[in-house]
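Beneath this line is the structure, given in structure tokens, with notes to follow.
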Amino acid sequence: MTPMSDIFDPPDRRWVLPGEYPLWEGALVLVNRDLAATLPDREPLRLLALPSWHEERDEDVYVTMPNGEWQGNCLEPDPDDSSADAVAAVAEAAQETVSELLWQAWPVCGEHGMGMHLREEDGHTVWHCGGGRSTGEPAHVRAAVGALDSLVRPHRPNRKSRRQER
């Protein structure tokens, strides 16, 4: 008879090693750039493998917080996936994990303070903002996944500069 503790023990899990899933690893580099730009106090996300419940594959891979926690579905392997497909899948999994486990929208548009969503545009996966609450603040593409760190913060004329505050 199986001890009751074995039923509740988590299945064997392991961190994905470099080179095992190159498309997902490359996509995670881009997503972690966005995480560092928007939540600089957070450590990078990681890929974690667990034995699969599906008969067709040996393991399932998840985008996790550094401690191994995740929210949502595993990444679905597809031999026909392109790097753009991988970026979309990893960014979606990362967004669900970060948003659910931190209980906050992520990433947030710097202009409107609203959570952004993924969208495909011109062959690239981008962070799309639904716009502000007034009609003068239309929806827009904020940046490609991996490029949130390249954005310049909008100039705010009524805000004191850091030098003046000291």
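The values are calculated or read from the model by the stated rules, or taken from the named source; none is laboratory data. Computed from a predicted model, the values in this text were never measured in an experiment. Using ideal geometry, Cβ is built from the backbone for each residue, glycine included, and neighbour counts are taken over all protein chains shown.
Here's the yes/no breakdown for (1) hydroxyl-bearing (Ser, Thr, Tyr); (2) crowded, with 17+ Cβ neighbours inside 10 Å; (3) closer than 16 Å to LEU148 by Cα:
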{"residue": "THR64", "(1), (2), (3)": "yes, yes, no"}
{"residue": "GLU76", "(1), (2), (3)": "no, no, no"}
{"residue": "SER82", "(1), (2), (3)": "yes, no, no"}
{"residue": "ALA86", "(1), (2), (3)": "no, yes, no"}
{"residue": "SER99", "(1), (2), (3)": "yes, no, no"}
{"residue": "TRP106", "(1), (2), (3)": "no, yes, yes"}
Inset, instruction - Examine region 108-122 for a residue that is out of contact with any strand residue (DSSP E or B) (no Cβ under 9 Å at 6 or more places or on another chain) and modelled with pLDDT of 75 or more, and state whether such a residue exists. - result: yes
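Quick grid of which residues meet (1) modelled with pLDDT under 95; (2) in contact with a helix residue (DSSP H, G or I) (Cβ under 6 Å, 6 or more places away or on another chain):
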| site | (1), (2) |
| --- | --- |
| PRO3 | yes, no |
| ASP12 | yes, no |
| TRP24 | no, yes |
| LEU48 | no, no |
| TRP53 | yes, no |
| ASP58 | yes, no |
Inset, instruction - Considering every residue within region 78-97, establish whether at least one is at pLDDT 95 or above and polar (S, T, N, Q). - result: yes
Legend entry - The listed residue being part of a strand (DSSP E or B) and buried (at least 16 other Cβ atoms within 10 Å of the Cβ), out of LEU35, LEU47: LEU47
Inset, instruction - From PRO66, PRO40, grab the single residue that is in contact with a Pro (Cβ under 9 Å, 6 or more places away or on another chain), in a loop (DSSP other than H, G, I, E, B) and modelled with pLDDT of 90 or more. - result: PRO66
Inset, instruction - Please work out which residue is farthest from the chain's Cα centre (by Cα), limiting yourself to region 52-62 and to residues that are of a type outside the set (S, T, N, Q) and surrounded by 13 or more Cβ atoms within 10 Å (Cβ to Cβ). - result: ARG57
